[in-house]
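K.L.:
The following block contains the structure, expressed as structure tokens.
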Amino acid sequence: MAELLQTTAISKTFGGLAAVSGVDLSVTEGEIHCLIGPNGAGKSTLFKLIIGTYPPTAGHIKFRGDTVTEERPYQRVKRGMSIKMQTPSVFKELPVRQNLHIALQHHVTKAELAREEERLLTLLDLAADAGKPAGELSHGQQQWLEIGMALALKPKLMLMDEPTAGMSPEETFRTGELIQQLNGLGMTILVVEHDMAFVRQIAQRVTVLHFGKVFARGSIKEILADERVAEIYLGKTHEHL
Amino acid sequence: MLRLVNGAQTVGNGWPFWSSFIAVLAGALVYPMFADSYDVGNFAYFLIWVFMAMGLCLMWGYCGMLSFGQTFFFGVAGYSYGVLAIVLGGGTMTVLALVLAVLLAGLSALVLGYFMIWGRVGGVFFGIVTLSATLVLAFFLGQTAGPEWAIGEARLNGFNGMKGMDPLNIPWFEDETLYFEGASLYYLAIALIVVVYLGLRILLNSRFGNVIVAIREDPQRAELLGYDVRKYQLITFVVGSSLAGLSGVLYTSWGQFITPGSIGLPAAAMPIVWVAFSGRGDITATLVGSFLILFAFQTITVYSQQAALVLMGGMLLATVMIAPQGFVIGIARAIGRLFRGRGTGNATSSHRGS
């Protein structure tokens, strides 16, 4: 399978602090790839470098074979990335349906618009709340709505930063199922996560970050069997670095 | 047609609204036949300002950009019209002067907007920068009293302002000329308001309108849906500011003068009061509310200008304290609820915010 996303020696420093340092990451077409690591490992910074909200200090990013390092987020989205942020980022004053409408309107024809809205509302279990302002939804529902908006773009690569933050265990599990379902339809997904139970549920390949560097990478089985990874999650880190 | 002008971004999408709209329009069209010419002239004067208010509503209420610069563009276009009407020789060239003056206002909005939006000036700083530009223009024009401040025959005249330009006029039947003054200016203003109002409703209920509302709510999310937020903000700023320019041209043509006083701080604050009081989140509320405020302001000014200014300040305070979404929109929504309660129509849109 081809490489869909590739970062080469990507780095980001804030003042004297190297939040991400020389990271090589590759996401292969068709996989669910999880980016994990303890708090402060640089996961969210790397995520923001990939989506373009931070310019890198050094290194390159390639997406579908093209260098996108200098591009703004909307340009990367137009190339086929779609993004779910950590905290729900929906249009809170607008009705749920309009949120989806805004996401969909440039990706489907007018004739398909209403049908596609309905499909997403049903998929996300939000049909009963379609007329409510998005800000009145529960936290978990807002997370789902945002996932729906990201899906509306029909992306090649779905990027999710802790998509289950603040969700109940049941909602988390259902989100995991949704991600697997999307992957089954051929979508490539990169998830930043620190909830290992969730990672175990969905991941096929895993990259572990620690102190801004790649600490380990491999299949989910290899990572789960790696004692060093278990140790950094338990906090016994410094002797290994 | 109705499908284009109706939508989630505007209040008043059902038959009760459009019937009222046609009734009001018909009333406005026959009004000069019954009123005396002084009142018609006054009404024309109120209507002239409504474009500026609708422009601000578009930028602030729909796209989240609080521009303090409406009188900047009003002044740019007003003075440009004055200069061009004189330099081009007046007469029917005033129509060309109108078009060029509004284009110049749009061009200056493009330049100022580009530097602000691409320079990531946002939130309260957007207001500060546009206000600064407005004050700079007012002070600059105030010091143009000397004879060296002239373009061709057109003297800028400092604080006393420009005068002597022809009013707008077009060739009329049998070699006559139709000057837009009094009733004809009134009809011109009504026609332009209908065109601009319907045009803005179409724009706001289009894909473009959806995107600018999304930008108002959360610019980052809008960008992450693949929209170049800066481009949409700039287009909105240019359209909204050009409408202020249209007000500036009509004002200059109406009185055949323009002074820096119509640009400076007290003038610059006015559109913000009109739009805030009316309800910045809806274009119809802004149209109706601005007209009513101007009418009340003018009526009170006859007795005391100070009292009118105090009233304006009081209205802004009352809006902020009691009805931050605006009074007119609040009343409109209440009427809409009444209609829906009776099951007689769908007079309001679904939930909206600003």
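Any read-out appearing in this document is the output of simple, stated calculations on the displayed coordinates, not a laboratory observation. All figures in this text were calculated on a predicted structure; none of them were measured in a lab. Every residue, glycine among them, receives a Cβ derived from its backbone with ideal geometry; neighbour counts consider all protein chains shown.
K.L.:
Fewest Cβ neighbours within 10 Å first, please rank B:Cys63, B:Cys57 accordingly.
P.N.:
B:Cys63, B:Cys57
K.L.:
Also: How far, in degrees from 0 to 90, does helix B:15-34 lean away from the longest principal axis of the Cα atoms of chain B, to the nearest 10?
P.N.:
The helix B:15-34 is inclined about 30 degrees to chain B.
K.L.:
Now for a separate question. Name the longest site-free stretch of chain B, where the excluded sites are GluC sites (Glu not before Pro) in a DSSP loop with no more than 11 other beta-carbon atoms within 10 Å.
P.N.:
No qualifying site falls inside B:177-354, the longest such stretch.
K.L.:
For a quick check, take a GNM of chain A with Cα springs below 10 Å and name the residue from A:Leu209, A:Leu190, A:Leu113 with the largest mean-square fluctuation.
P.N.:
A:Leu113
K.L.:
Helix B:283-303 versus the longest principal axis of chain B: what angle, 0 to 90°, nearest 10, using Cα atoms?
P.N.:
In chain B, helix B:283-303 runs at an angle near 50 degrees to the longest axis.
K.L.:
Nearest 10 degrees is fine. How inclined is helix B:37-56 to the longest principal axis of chain B, computing both from alpha carbons?
P.N.:
Orientation of helix B:37-56: about 60 degrees from the principal axis.
K.L.:
Within 10 Å of each Cβ of A:83-94, how many other protein chain Cβ atoms are there on average?
P.N.:
5
K.L.:
How long are the three semi-axes of the equivalent ellipsoid for segment A:87-154, computed from the Cα gyration tensor as the root of 5 times each eigenvalue, in whole Å, largest first?
P.N.:
18, 11, 10
K.L.:
Follow-up. Enter the mean number of other protein chain beta carbons within 10 Å of the beta carbon of each residue in A:70-79, as an integer.
P.N.:
Neighbouring Cβ atoms belonging to other protein chains average 4 per residue here.
K.L.:
Too long at a 21 Å Cα-Cα cut-off: which of A:Lys84/A:Lys213; A:Lys12/A:Lys43; A:Lys62/A:Lys156?
P.N.:
Table pairs above 21 Å Cα-Cα are A:Lys84/A:Lys213.
K.L.:
Relative to the Cα centre, what is the charge dipole magnitude of segment A:87-154, using +1 at the beta carbon of each Lys and Arg, -1 at the beta carbon of each Asp and Glu, and rounding to the nearest 20 debye?
P.N.:
160
K.L.:
Compactness ratio of segment B:93-198: Cα Rg over 2.2 N^0.38 Å, N = residue count?
P.N.:
My calculation over the Cα atoms of segment B:93-198 gives 1.41.
K.L.:
For segment B:165-236, max minus min Cα coordinate along each principal axis, in Å, sorted largest first?
P.N.:
60, 23, 19
K.L.:
May I pose another question? In whole Å, what three semi-axes, largest first, describe the equivalent ellipsoid of the protein assembly as shown built from its Cα gyration tensor (square root of 5 times each eigenvalue)?
P.N.:
55, 28, 20
K.L.:
Still on this structure: Restricting things to alpha carbons, find the Rg to Rh ratio for segment B:49-264 using the Kirkwood radius for Rh.
P.N.:
Taking Rg over the Kirkwood Rh, I get 1.01.
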